[in-house]
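Take a look at the structure set out below.
The values are calculated or read from the model by the stated rules, or taken from the named source; none is laboratory data. Remember, predicted model here, so these are calculated numbers, not experimental data. Note: ideal-geometry Cβ built from the backbone for every residue, glycine included; neighbour counts use all protein chains shown.
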Amino acid sequence: MTTFHIRPLSTGVDRAGFACGQPVLDEYIRRHASQDVRRNVARAFVATPARLPEQLAGYFTLSAGSVRCADLPAALADRLPRYPIPAALIGRLAVATAFQGNGLGSILLADACRKVVAASAVLAVAAIIVDAKDAAAVTFYEHFGFRPLPGQPHRLLLPVSTLPR
Ligand SMILES: CC(C)(COP(=O)(O)OP(=O)(O)OC[C@H]1O[C@@H](n2cnc3c(N)ncnc32)[C@H](O)[C@@H]1OP(=O)(O)O)[C@@H](O)C(=O)NCCC(=O)NCCS
């Protein structure tokens with residue numbers, strides 16, 4: 001079984017050949033992620049096989065965001081204040097086609113959630129939100145407890161309170 005290392009995006013990782021089946025996600029890591037990191041609009045993390053540290057197997061990004069109270073499911077909104085609640089956004093998450101179906105997507109999602117929980121010790125975060133690219137991605141996130149926001153079937157949310165500390 002392949003062991004992966006997950007670390008912040010840096011030079012020395014081959015991004016040019018990354019292909020996950022969603023061209024917009026390939027294009028993002030190839031051309032835009034570094035700039036977003038420099039501008040402090042996203043943090044990007046890459047997974048590389050332990051034996052091949054230049055090979056990009058997958059990545060995800062995290063940014064601060066918020067969710068309007070009116071957009072939340074009623075059961076959750078009832079327990080929260082009426083103003084926008086602080087959230088962490090998993091802006092993008094992708095696994096290269098060659099590595100799909102072997103658990104790396106789950107590993108990346110779990111790592112992203114752990115990082116959010118750690119950050120929430122110093123910067124309050126009530127929920128994690130993701131924007132799924134298509135119906136298959138919605139199913140992937142639902143598998144881990146994310147639920148679509150009412151009226152926004154491709155935007156899903158997981159309350160941070162459901163995650164282990
Ligand atoms: C979605 C994606 C990240 C999944 O990565 P992966 O490494 O193949 O996923 P895993 O092997 O960890 O699978 C985890 C579980 O999700 C399920 N799953 C994986 N991909 C799925 C998909 N496209 N649709 C539905 N379920 C999926 C698997 O069956 C698995 O379930 P199991 O634990 O019961 O076996 C990957 O297919 C990908 O990068 N796709 C293209 C980009 C994309 O759609 N990104 C999503 C964010 S917009």
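General observations
- Residue in region 66-83 that is crowded, with 19+ Cβ neighbours inside 10 Å, of a type outside the set (Gly, Ala, Ser) and either farther than 18 Å from Thr162 by Cα or in contact with a Ser or Thr (Cβ under 8 Å, 6 or more places away or on another chain) (or both) present: no
- Scanning region 76-124 for residues that are away from the ligand (no atom under 12 Å from the Cβ) and among the polar types (S, T, N, Q) gives a single hit, Ser120.
- Whichever residue in region 1-60 is free of Cβ contacts under 8 Å to residues at least 60 places away in the same chain and among the aromatic types (Phe, Trp, Tyr) and, among such residues, is nearest to Val130 (Cα to Cα): Phe60
Residue-by-condition table, conditions (1) loosely packed, with under 13 Cβ neighbours inside 10 Å; (2) within 16 Å of the ligand (Cβ to nearest atom); (3) modelled with pLDDT under 95; (4) closer than 15 Å to Val95 by Cβ:
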{"site": "Val13", "(1), (2), (3), (4)": "no, no, no, yes"}
{"site": "Leu25", "(1), (2), (3), (4)": "no, yes, no, yes"}
{"site": "Tyr28", "(1), (2), (3), (4)": "no, yes, no, yes"}
{"site": "Ala33", "(1), (2), (3), (4)": "no, yes, no, no"}
{"site": "Arg39", "(1), (2), (3), (4)": "yes, no, no, no"}
{"site": "Arg51", "(1), (2), (3), (4)": "yes, no, no, no"}
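- Look at region 143-165: where a residue is within 16 Å of Ala119 (Cβ to Cβ) and a partner is aromatic (Phe, Trp, Tyr) and not in a helix (DSSP H, G or I), sitting 6+ places away or on another chain with Cβ atoms under 9 Å, you get Leu158/Phe144; Leu158/Phe146.
- Scanning region 104-115 finds no residues that are touching a helix residue (DSSP H, G or I) at 6+ places or on another chain (Cβ under 9 Å), surrounded by 14 or more Cβ atoms within 10 Å (Cβ to Cβ) and more than 18 Å from Ala44 (Cβ to Cβ).
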